[in-house]
Structures are given as structure tokens and as C-alpha cells.
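What follows draws every value from the coordinates through simple rules; no lab data is involved. This structure is a prediction, so every number in the text was calculated from the model and none was measured. Cβ placement follows ideal geometry from the backbone for every residue including glycine, while neighbour counts extend to all protein chains displayed.
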Amino acid sequence: MTPITTTAELAAYCDKIKGQPFVAVDTEFMRETTYWPKLCLIQAAAPNAECVIDPLAEGLDLEPFLEILRDESIEKVFHAARQDVEIFNNLKAMPKPLFDTQVAGMAAGYGEQIAYDALVRQMLKIELDKSSRFTDWARRPLSEAQLTYALADVTHLAALYPMLKARLEKEGRLAWVHDEMQNLCDPAIYDVEPENAWKRLKPRRHTSKYLAVYKAVAAWRERTAQQRDQPRGRILKDEAIDELATQAPTDAGAIDRMRSVPKGFSGSRFGPDLLDAIKEALKDPDAYAPVIERSKVSASPAAGAVVELLKVLLKARAEDSGVASKLIATVSDLEQIANDDNAKTPALVGWRREAFGEDALKLKRGELALVLDGTRVRVVEVRRAPKANAAE
């Protein structure tokens, strides 16, 4: 098997698949030691043609394939798409419309975050050869075994897609998957703007001083990681950001006394820049601190118990509908519902409200009960006796 290594070959392949209803796509990349993922291979399979593209080939321009990804008349099929989508979003080619077979598998009853090889085994009755999974995809030349393994990922994906789509259409759940795909295609979740880096983290306090330093340190780390092309954690751990925001150090000695900051950090090449970022934020914390909307609903003393009941209800409803519970609601959703009937959470919107959210609110109101029937939990309606007439 010979991978595509020239722009002319790539353009010819892309001309061949234009007008096709879908193209299955997968990538091989490396990012263990870098901030930016290093794209090493692209695999593609449309109904009429398949190929392996070598993005590391000298002189190869990926633009013909990126145009296919931008073409909204062709559905792009991935499995566990998020990291692949991130790579193509960085290349200014958000793949729309998108179909993620992992999400589709969850909606079709194949379990929580089902792995690709497990889905292939269950649906296609094929056992995949995984021997090349952890090879060095950046090394050239690639072996025949590597290329065969890589191409199989998309040829099986192309076979899975129509089967999954037909099943979801029959069960009336295709729209559920499309809702999830809209979220996956939201550029905001792939935002790498340093000033927004704090949003991916979890600030523990809400004072202006704390939040200003928190935002400043997160932005400094993001900017430094990008410039040096190193993973964020190699620059500074998440817990160090919280400690720096809590202590708000303004000199090298204060930084060196912190437990979560590496020893000698203030004297490294990073120290002076970090201190400058902190001092700049402290000039006007109120102006620099991000505004975080805090819940107006205080936690109920019984909220913990309610969350546990909602977990049981979620499991029961997921089993009844044959849908992975994680696709319906998260623990965070349950916590919000436990404290607020009008919580702004996906579990109380659209198909999720129909599948679970409405019953969650009924359970809180005492209109539903959970009954153990052997080894299975049943959800039953509670029939309340009518109130006696006061005049009687």
C-alpha cells in the first residue's frame, strides 16, 4: 500500500469523492511531549474510494482534503471525534456535518463510550488487529503493517456508519445524535486563546483578587506552552495555579515557598514572566477578574440524598431506553437538578428532558417512586390519596 504524498495525488482523490454522501475519517497523531498535536497520518474512506494521506510528506498541501471537510454536503464520520476535530479546527477546517460513531453507539445501546474495536466486534463481527496501535507514527518510512492497520480503521468505520444511522432512524434517535454533533462542532470548546484558558479549569474562590491572579496565571501558562510547544502540565500544574491565585505572590521568595510550584521555579526562565503577569493582574483586580455567575439557589441540606436517588433513576431510565446513561445526564446535571427545578442543564432540555429530566422532577416532588423488583429497579407512579374535605 502506498500513501498519498503529493498534492496532485491528493487533489485527484478528493475529486473522486466529491458528491459522495459521506467520508469516514481518522487520524494518527502524537502530542505526548508537545502542546500542538503533530498530525502524522490521515485516513479516509468514502463509498467509492479510500486512501491514506501522509501529511508529513515534503511539499504536500492538505488544502484539497480540508476543502472536503468544509463541504457541508458531505457527512464526515469519525469515532471518538473530539481530538480529530481539534486538529482539523486548528487547520481552519471544522468538519461539518459530523457523525461520531461513539456517540451514536451510546444512543443505540452499545454502552458507555464504547471503544472502536468493541463496536466493530459487536456490529461487524470482525476482530481487529491492534498490534500497530502504539507504534511511532512520526517515523518514516511507515511499514505495510502500519498502513494496513490505519486504513482498516476507516474502511470498517465506513461500514458501521450506514448501519448505525439506519438503527437510530428506526428508533427515532438520530436527532439525539445530531444534537450532540452540534456541540462537538462548536469552535468555543477548542478555543486556545490564552485569556480564556481559565475557563477550562475550576476556580475555588470568587474574590476579585483570587480570580484576577487565577486568570493571569492560566493565561501565562497557556501562552508559554504554545510558544514553547510543550504540554501545559510541563510548564505548571493545575494545582499550582490555584495556590498562586490564593497566595498572590509578588516576589521570588514567596513563589519558592509554595508547595505546588517546582523547587527553584522563581529562578528559572519562567519565574520573572510569571511574576510580571501576577503583578499586572493585581494593579486592578476588579477590572481584570473574570465575572463568574454564581448559582442563586443554595444547596439544600437534603441535596446529597436527592442526587443519590437521581443516580438510581438515571440508571433505570437508561436501561429502559437502551441508552448510555452518560449520554443522558452527568453527575453535575444531577447536582444542579437536585438544587433547582429550573436548572440550566442539558438534562432538562429537549430529548433528555423527555427521557429523564421530567421524571427527575417528578421524583423530587414525590410523584414517582423507585421500587426494587428482584435485582431490577422499577420506576412507579405514586398515587396520592385525595385530601379529606375540611368541612367533613
**OP:** Show which aspartates and glutamates lie in cross-link reach of Lys364 when reach means a straight Cα distance below 15 angstrom and same-chain residues fewer than eight apart are skipped.
**Re:** Glu308, Asp333, Glu335, Asp340, Asp341, Glu381
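Please work out whether the range 145-191 counts as rounded, prolate or oblate from its C-alpha gyration tensor, where a ≥ b ≥ c are the square roots of the eigenvalues and a/c under 1.5 means rounded, while otherwise a/b larger than b/c means prolate and anything else oblate? Each step should come with its number before you reach the end.
Details: a/c = 5.98, a/b = 1.24, b/c = 4.83.
Oblate shape, in that a/c is at least 1.5 and b/c is the bigger or equal ratio.
Can you give the net charge of the other residues whose Cβ lies under 12 Å from the Cβ of Val120, counting K and R as +1 and D and E as -1?
Working: positive: Arg121, Lys125, Lys130; negative: Asp117, Glu127, Asp129, Asp153.
Counting the neighbours of Val120, the net charge comes to -1.
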Original post:
What shape does the range 128-215 have by the C-alpha gyration tensor, where a ≥ b ≥ c are the square roots of the eigenvalues, rounded means a/c under 1.5, and otherwise prolate means a/b greater than b/c and oblate the rest?
Top reply: oblate
Original post:
Distance in nm between label sites at Met163 and Glu58, each 7 Å beyond Cα in the beta-carbon direction?
Top reply: 4.4
Original post:
What is the local net charge at Arg31, summed over the other residues whose Cβ is closer than 11 Å to its Cβ (Lys, Arg +1; Asp, Glu -1)?
Top reply: -2
Original post:
What whole number of Å gives the distance from the Cα centroid of the range 331-371 to the Cα centroid of the range 82-142?
Top reply: 32
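When ranked by the protection proxy of mean other Cβ atoms within 10 Å per residue, highest first, what sequence do the peptides 273-286, 329-342, 214-227 form?
The packing order, highest mean first, is 214-227, 329-342, 273-286.
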**OP:** Please give, to one decimal in nm, the separation of the simple spin-label points placed at Asp256 and Ser73, each 7 Å out from Cα toward the Cβ.
**Re:** 6.7
**OP:** Using a Gaussian network model of the chain whose springs link C-alpha atoms within less than 10 Å, name the residue from Met94, Met258, Met106 with the highest mean-square fluctuation.
**Re:** Met258
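Using 0.36 nm per residue of separation minus the Cα-Cα distance, give me the extension gain between Lys344 and Arg234 in nm, one decimal.
Working: separation 110, 0.36 × 110 = 39.60 nm, distance 3.54 nm.
Separation in residues times 0.36 nm, less the Cα-Cα distance, equals 36.1 nm.
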**OP:** Between Ser132, Ser268, Ser143, find the one with the highest GNM mean-square fluctuation for the chain; connect C-alpha pairs within less than 10 Å.
**Re:** Ser268
Subject >> At q = 0.11, 0.15, 0.17, 0.21 Å⁻¹, base-10 log of I(q)/I(0) for the range 303-381 (Debye sum, equal scatterers on each alpha carbon) >> reply: -0.23, -0.44, -0.57, -0.89
Original post:
Of the listed peptides 96-103, 202-209, what is their order by residue-averaged count of other C-beta atoms within 10 Å, with the highest listed first?
Top reply: 96-103, 202-209
Original post:
Where a Cα-Cα gap under 22 Å defines reach, which lysines qualify for Lys263, not counting those fewer than 8 residues away within the same chain?
Top reply: Lys237, Lys279
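Cα gyration tensor of the chain, axes a ≥ b ≥ c as square roots of the eigenvalues: rounded (a/c below 1.5), prolate (a/b > b/c) or oblate?
Judged from the Cα gyration tensor, the chain comes out oblate (a/c at least 1.5, b/c at or above a/b).
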Original post:
What is the spin-label model distance, in nm, from Ala305 to Val291 if the labels are put 7 Å beyond Cα along the C-beta direction?
Top reply: 3.9
Original post:
Which log10 I(q)/I(0) values, to two decimals, does the range 7-190 give at q = 0.10, 0.11, 0.12 Å⁻¹ under the Debye formula with one point per Cα?
Top reply: -0.38, -0.46, -0.55
